[in-house]
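Here the structure comes first, spelled out in structure tokens, and everything after it is commentary.
The values are calculated or read from the model by the stated rules, or taken from the named source; none is laboratory data. These numbers were taken from a predicted model, which means no experiment stands behind them. Please note: Cβ atoms are built from the backbone with ideal geometry, for glycine as well, and neighbour counts cover all protein chains shown.
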Amino acid sequence: MYAVEFQAPIENGIVHIPKQFQDIQDAKKATFVVMYESISDTIHKEVVQSQLEEFHRLRVKSNNKIEATTELATNIDEMVNDGIF
């Protein structure tokens, strides 16, 4: 068994093998190990962290105290009675 290592684009689930390894296409069977970084996970974490930092910065500058509670956030009885919902 032989081993090669290369980086290649994946488009629609198809791995494009570099030209220097084209003879792999003649193989009847191969074993693949795929290592990758999830770009969307990294971006998502950075966006959430940035939003949390901005929220904290704005909250610190504010003179308002936090008055929201789970009960206040989920109790819509008064809104329903007032005809809002």
*Return yes when residue 20 is among the polar types (S, T, N, Q), under 20 Å from residue 10 (Cβ atoms) and assigned to a helix (DSSP H, G or I) and no when it is not.*
yes
_Pull out all pairs, ordered by first then second residue, where Cβ-Cβ is under 6 Å, the residues are six or more apart or on different chains, the first lies in the stretch 1-17 and is farther than 13 Å from residue 31 by Cβ, and the second is part of a strand (DSSP E or B)._
8/15
*Among the residues listed as 32, 6, 21, the single one being at pLDDT 85 or above, within 31 Å of the chain's Cα centre (by Cα) and not charged (D, E, K, R)*: 6
*With the condition kept exactly as written, say whether any residue in the stretch 60-72 is at pLDDT below 80, surrounded by fewer than 10 Cβ atoms within 10 Å (Cβ to Cβ) and among the basic types (Lys, Arg).*
yes
_the stretch 21-49 residues that are among the hydrophobic types (A, V, I, L, M, F, W, C), paired with ones that are part of a loop (DSSP other than H, G, I, E, B) (beta carbon under 7 Å, 6 or more apart)_ = 21/4; 21/6; 24/17; 24/30
